[in-house]
Amino acid sequence: MKDKTMYKWVFIIASVLLLIGHSTVSAEKGHDTKPSVLLVHSLKNQEQMKEVRMLDALLGQFTDDITLITDDKLQEKEVSSYSHLVYYGGVPKQLSERMINVLKNYQGKIYAAGHNADQLKQRFSFLEWEGETLINGNVSSSRTDMSMTLPEERIVYDIRKDDKATVTAKSEGVPLVVHSGGNYYFSGETFSPPFGQIITESLAAYFEKENKSLVKYLRLEDVDPLSDPKQLQSQAEFLAEMNIPYMVSLIPVHTNETGETVHLSDSPELIDTLQYMQNHGGSMVLHGYEHQYRDTETGEGFEFWDVENDRPIYQPSSEDAKTKNDFGTDEAYRSYIEEAETFEKQYIEGVINKGIQELTDHKLYPLAFEAPHYAMSQQGYEVVSEHFSSYVGQLQLTDTTWEGQYAPPYESQPSFLHGMTVYPETLGYIEKGEQSSFERMKEEIGQRSTLTKSYLSAFYHPYLGLDGLKKVVQNLEAVDDSAWLNLKEQNNTVRAGDINITSGNGEIEVDNTKVASEHERSIFRKEILKYAAFPLGILIIVILYVARKGLNRNSRTESPHS
């Protein structure tokens, strides 16, 4: 009997320990599980999608599982499947009772921003709204030493909190981000810098991902077939000596204003230099194909945006752009836009395929894409995502204008990039003849390095010389507790026809089963001519010599003196 009792207690204790262990593992696993986010928004018009896409990019720093929905489409049965819910009120409006109840009954945490949060009293009972106010000063976060100056006056809500709530960001004493019980509220209605930085800080706490991470990258910009290989070689050797990984934004074809083109194949020395770079820390980034659309010099023009009309590329560069006024009915205009969007898709597809193929012909393997001047339509991103898993630079937020581009503080996977990861450029570049550019960049590095999650990323034009590059590197190297981004270490995939390029753990793998392109056949013909030129010349000389000897012999034979 005593033995049975002992066995019984051993079994109970073992079961309890097993349950505790299972609960601990489940909790740890749950903590590491990727958040699923439902982003609900109230907008007045499509132009306000700019703000939604900024918020999308900020959320994408923490998860790639983001679903966007308008407030009028919200259904309670859909909400329960998401781990986090974010609401953005882009315009003041009376929320439906149904939506208010859905948010009230939601079991997870809510992050609200902008207008209408005062109608969600069950969630934000710790706040009182006292109208709007103007702020124009420094923005600071209690979570870091960050202090950034607003570029202009901004309107925010004047809010008061109760004793249980905590202010995590403010501007000159005005609360900007307040939280209590896991629910957060941001009192502004725009996410433009520096608001994006302070929201990232609060999102790190909201998602419980508060590990410090500072990432640096350097991009050598606008390298094309006319770039100086010796200048590039010296910069590549310096970066290799410093053991710094970097990117090379590469344009396969240089076109001038008269339409004359120069390909990489016309500069064998440059190809050798680029291959050296790829083998010694450099990662290639496809920066368009010609970096121009109309009759402009490569590097100056826009390749994926009709900048003259500030709209997507809806027609060949030789044709005039049509507007709504050119059509008699709305239906005719809509029909034109459908055809124009088809043209744009085919145009971008063609350019990207040619770019990847031409670089691959020279054993140069692009791992990411960068649109010239960062200008690209929303459809453009979707097309690019079918070829690249990685995008470099800043993001265009709407199809209404290319201006006002945006870079989240950290790498991100917003829903509008269709699975691509953006590695943001945050520090700008050095302008020719502007020594103040170095100080401006140094100051920006100092501010951003105080953030919990931040990229310290810049680009540099190689024609500015080695000394300037050394200054940029020195400023970036001075940042403590930071790491250089090596694009080859990331899991990148690139596809074009039968070409498949992948990278990871510092290695690049290429599966290229394509039939030779016309460009590759052209290279082959050039190589044949190059190596055959000398023996062919000798053969021609011999033939001419023999022919001449034969003529002289015939001439002597037919002479009357013979």
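The table below lists the values:
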item	result
Selection status of His84, touching a residue at least 60 places away in the same chain (Cβ under 8 Å), over 15 Å from Asn183 (Cβ atoms) and either of a type outside the set (Gly, Ala, Ser) or surrounded by fewer than 18 Cβ atoms within 10 Å (Cβ to Cβ) (or both)	no
Selection from the range 133-158 of residues that are at pLDDT below 90 and acidic (Asp, Glu)	Asp145
The listed residue being in the same structural domain as Gln61 (by TED's automatic domain parsing) and modelled with pLDDT of 95 or more, out of Gly188, Gly181, Gly173	Gly188
Number of the condition not met by Ile348 [criteria: (1) under 18 Å from Tyr217 (Cβ atoms); (2) in contact with a Phe, Trp or Tyr (Cβ under 9 Å, 6 or more places away or on another chain); (3) buried (at least 17 other Cβ atoms within 10 Å of the Cβ)]	(1)
Leading residue by the ranking (farthest from Glu411 (Cα to Cα)) among those in the range 431-458 that are of a type in the set (Lys, Arg) and not in a strand (DSSP E or B)	Lys432
Residue match in the range 39-59 (condition: of a type in the set (Val, Ile, Thr) and either touching a helix residue (DSSP H, G or I) at 6+ places or on another chain (Cβ under 7 Å) or modelled with pLDDT of 95 or more (or both))	yes
Matching strands (runs of 3 or more DSSP E) fully within the range 244-363 where at least 1 residues are more than 25 Å from Tyr460 (Cβ to Cβ) and out of contact with any Gly (no Cβ under 6 Å at 6 or more places or on another chain)	261-263
Number of positions in the range 323-371 that are among the β-branched types (Val, Ile, Thr) and either at positive phi or without any contact (Cβ under 8 Å) to a residue 24 or more places away in the chain (or both)	4
Scan of the range 450-496 for residues that are farther than 21 Å from Met284 by Cβ, modelled with pLDDT of 95 or more and under 17 Å from the mean Cα position of the chain (by Cα), ordered by number	Ser454, Leu456
Pair list, Cβ < 8 Å and 6+ apart or interchain, from the range 98-121 residues that are farther than 16 Å from Leu38 by Cα and modelled with pLDDT of 95 or more to residues that are acidic (Asp, Glu) and buried (at least 16 other Cβ atoms within 10 Å of the Cβ)	Gly114/Glu189; His115/Glu189
So Phe459, is it more than 17 Å from Met247 (Cβ to Cβ) and among the aromatic types (Phe, Trp, Tyr)	no
Scope the range 459-473; condition surrounded by fewer than 16 Cβ atoms within 10 Å (Cβ to Cβ) and either on the phi > 0 side of the Ramachandran plot or not in a helix (DSSP H, G or I) (or both); matching residues	Gly465
Check on Asp272, acidic (Asp, Glu), in the same structural domain as Glu237 (by TED's automatic domain parsing) and more than 25 Å from Gln396 (Cβ to Cβ)	yes
Failed condition for Asn211, given (1) modelled with pLDDT of 95 or more; (2) surrounded by fewer than 23 Cβ atoms within 10 Å (Cβ to Cβ); (3) not in a strand (DSSP E or B)	(1)
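Table: residues versus (1) assigned to a loop (DSSP other than H, G, I, E, B); (2) closer than 30 Å to Ala236 by Cβ; (3) among the small types (Gly, Ala, Ser).
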{"site": "Glu130", "(1), (2), (3)": "no, no, no"}
{"site": "Leu134", "(1), (2), (3)": "no, no, no"}
{"site": "Pro151", "(1), (2), (3)": "yes, no, no"}
{"site": "His179", "(1), (2), (3)": "no, no, no"}
{"site": "Phe191", "(1), (2), (3)": "yes, no, no"}
{"site": "Ala204", "(1), (2), (3)": "no, no, yes"}
{"site": "Arg219", "(1), (2), (3)": "no, yes, no"}
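Okay, residues lined up against (1) more than 18 Å from Leu367 (Cβ to Cβ); (2) touching a residue at least 24 places away in the same chain (Cβ under 8 Å); (3) touching a helix residue (DSSP H, G or I) at 6+ places or on another chain (Cβ under 6 Å):
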position: Glu210; (1), (2), (3): yes, yes, yes
position: Val215; (1), (2), (3): no, yes, no
position: Val223; (1), (2), (3): no, yes, no
position: Asn243; (1), (2), (3): yes, yes, no
position: Ile251; (1), (2), (3): no, yes, no
position: His254; (1), (2), (3): yes, yes, no
position: Pro268; (1), (2), (3): yes, no, no
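The values are calculated or read from the model by the stated rules, or taken from the named source; none is laboratory data. For clarity, every value in this text was computed on a predicted model and none was experimentally measured. In this analysis, Cβ positions are derived from the backbone assuming ideal geometry, glycine residues included, and neighbour counts consider all displayed protein chains.
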